[in-house]
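**Q** Have a look at this one.
The values are calculated or read from the model by the stated rules, or taken from the named source; none is laboratory data. Owing to the predicted nature of the structure, the values given are computational and were not obtained by experimental measurement. Here the Cβ positions follow ideal geometry from the backbone for every residue, glycine too, while neighbour counts run over all protein chains shown. Side chains are part of the model used for accessible areas, which takes the heavy atoms of the whole protein and leaves out ligands, DNA and RNA. Shrake-Rupley method; radii C 1.70, N 1.55, O 1.52, S 1.80 Å.
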Amino acid sequence: MRYGLFLSAFTSEPRKPLAVAGRAAAAGYDAVFVYDHLFPPGAPDRPSVEPYTLLAAAAAANPGLGVGVLVSRAGYRPLGILAKETSSLAHLAGGAAVLGLGLGDRFGRAEHEVAGLPFPPIEQRTVLLEETARATRALLSGGSWAGGEMTPAVRGPLLPAAPAAVWIGGTSERVARSAARAADAWNGWGMRTDDFITRTAQLAGWAREAGRDPSEVPPTWAGIVLVGRDAAELASLEERRADAGGSLDIWRGTTNDLRRLRDRVTQAGATWMVPLAAGPSDRLDLVAETLRS
């Protein structure tokens, strides 16, 4: 199992998440991840740091720390540029880079409208998602992409080649089936544990249907976590979050609960856990200590 930490990029001060990346490296996380948003979901008047720029700075400042984008919507960035950006990140991070791709939802539609980008129906976006995964995997390996129904040909090679992993992230059956056919891994964000484990079993079956060994497309877990050292501290953190207007529809538990979550998703075949540590700033270190104990 490898562990990543989500950085919050919804700020006008890039040095803040960059400092958190340094703390993550010191705490022993394997990588830091950032979502790819033009602005926070539902809040076009708020800022968001560009993820590839932020991760490049994090990789340069913290040698050995992996980096990942989770997720970039298929169609949001030109295919060749997406592969080239990911390749550069991988080399800056010493080869440990993840390109997460997503289908897009109503919040994605709003961002595409602001950016002047098309947002096709979900059936077409599913084709676009799979083709983008196949294409970026080919381009990142130093090959070319012959083109598809929704994506143009990219002759390549977009050197230097890079061993970056391409994940497809999303909770729906549609997305997990796409990952089973076209990605290096599937990511389930914010799912209830039982639902995640059920989906991992389905993922393995869909991979076999696609003629792939399930080990070629493992599950990965991600989500917001609110962790207390004991039940009393957890209750205090929950109260503070609720008073501040934060959602409690996230994973919440004690350090022992987090270990049990780790053990369950590990047994289900997950190869990564990528939490976004909610609460006080010391939760970053507490989560790392708990997961590695």
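**Q** Testing D282 on (1) under 18 Å from A21 (Cα atoms); (2) in contact (Cβ under 8 Å) with a residue 24 or more places away in the chain, one condition comes back false. Which one is that?
**A** Looking at each condition in turn, D282 falls short on (2).
**Q** Let me ask something else about it. For segment 251-287, how many residues are assigned to a loop (DSSP other than H, G, I, E, B) and closer than 20 Å to T200 by Cβ?
**A** At the first step, the residues of segment 251-287 found to be assigned to a loop (DSSP other than H, G, I, E, B) are 268-271, 278-282.
Checking the rest, the ones that are also closer than 20 Å to T200 by Cβ come to 268-271.
Looking only at that region, the number is 4.
**Q** Hey, could you check segment 23-62 for residues that are buried (at least 17 other Cβ atoms within 10 Å of the Cβ) and β-branched (V, I, T) and say which is farthest from the chain's Cα centre (by Cα)?
**A** V49
**Q** All but one of (1) in contact (Cβ under 8 Å) with a residue 40 or more places away in the chain; (2) within 30 Å of L92 (Cα to Cα); (3) not aliphatic (A, V, I, L, M) hold for T193; which doesn't?
**A** (2)
**Q** Please go through (1) under 20 Å from V98 (Cα atoms); (2) without any contact (Cβ under 8 Å) to a residue 60 or more places away in the chain; (3) hydroxyl-bearing (S, T, Y); (4) assigned to a helix (DSSP H, G or I) for T220 and return the number of the only condition it doesn't satisfy.
**A** (4)
**Q** Still on this structure: When you scan segment 132-148, how many residues do you find that are touching a residue at least 24 places away in the same chain (Cβ under 8 Å) and either open to solvent by less than 60 Å² (accessible area, probe 1.4 Å) or farther than 17 Å from S72 by Cβ (or both)? Give the steps one after another, and end with the answer.
**A** Initial filter on segment 132-148 (touching a residue at least 24 places away in the same chain (Cβ under 8 Å)): 132-137, 139-140, 145.
Subsequent filtering for residues that are either open to solvent by less than 60 Å² (accessible area, probe 1.4 Å) or farther than 17 Å from S72 by Cβ (or both) retains 132-133, 135-136, 139-140, 145.
Counting residues in segment 132-148 that are touching a residue at least 24 places away in the same chain (Cβ under 8 Å) and either open to solvent by less than 60 Å² (accessible area, probe 1.4 Å) or farther than 17 Å from S72 by Cβ (or both) gives 7.
**Q** So, one more: Please work out which residue is surrounded by the fewest Cβ atoms within 10 Å (Cβ to Cβ), limiting yourself to segment 63-74 and to residues that are touching a helix residue (DSSP H, G or I) at 6+ places or on another chain (Cβ under 7 Å) and part of a loop (DSSP other than H, G, I, E, B).
**A** Ranking the qualifying residues of segment 63-74, first place goes to L65.
**Q** Related question: I need the full set of residues from segment 167-177 which are within 16 Å of the chain's Cα centre (by Cα) and touching a residue at least 60 places away in the same chain (Cβ under 8 Å), in order please. Step through it out loud before you land on a result.
**A** Start the filter on segment 167-177 by keeping residues that are within 16 Å of the chain's Cα centre (by Cα), which leaves 167-172, 175-176.
Residues satisfying the conditions are W167, I168, G169, G170, S172, V175.
**Q** Something else about it: Modelled with pLDDT of 95 or more, more than 17 Å from A268 (Cβ to Cβ), open to solvent by 40 Å² or more (accessible area, probe 1.4 Å) and not acidic (D, E): which single residue out of R208, R174 fits that description? Break it down stepwise before answering.
**A** Working: R208 fails: more than 17 Å from A268 (Cβ to Cβ).
Result of the check over R208, R174: R174.
**Q** Residues in segment 227-248: is at least one under 22 Å from A21 (Cα atoms) and part of a helix (DSSP H, G or I)?
**A** Looking through segment 227-248, none of the residues is under 22 Å from A21 (Cα atoms) and part of a helix (DSSP H, G or I).
**Q** If we scan segment 232-245, do we find a residue that is of a type in the set (G, A, S) and surrounded by 14 or more Cβ atoms within 10 Å (Cβ to Cβ)? Spell out the reasoning first.
**A** Start the filter on segment 232-245 by keeping residues that are of a type in the set (G, A, S), which leaves 232, 235-236, 242, 244-245.
Adding the requirement that they be surrounded by 14 or more Cβ atoms within 10 Å (Cβ to Cβ) leaves none.
The answer is no; no qualifying residue exists.
**Q** Here is a follow-up. For segment 100-122, how many residues meet the condition of being outside any loop (DSSP other than H, G, I, E, B) and modelled with pLDDT of 95 or more?
**A** Residues of segment 100-122 that are outside any loop (DSSP other than H, G, I, E, B), as a first pass: 100-102, 106-115, 122.
Then drop every residue that is not modelled with pLDDT of 95 or more, which leaves 100-102, 122.
Selection size over segment 100-122: 4.
**Q** Here is a follow-up. From (1) under 20 Å from the mean Cα position of the chain (by Cα); (2) open to solvent by less than 30 Å² (accessible area, probe 1.4 Å), pick out the condition that doesn't hold for D195.
**A** The single condition D195 does not satisfy is (2).
**Q** Still on this structure, please answer the following. Test R260 against the stated conditions and say whether it is basic (K, R), in contact (Cβ under 8 Å) with a residue 40 or more places away in the chain and surrounded by fewer than 21 Cβ atoms within 10 Å (Cβ to Cβ). Write out each step before concluding.
**A** Numbers: basic (K, R): yes; in contact (Cβ under 8 Å) with a residue 40 or more places away in the chain: no; surrounded by fewer than 21 Cβ atoms within 10 Å (Cβ to Cβ): yes.
No; evaluated as a whole, the condition is false for this residue.
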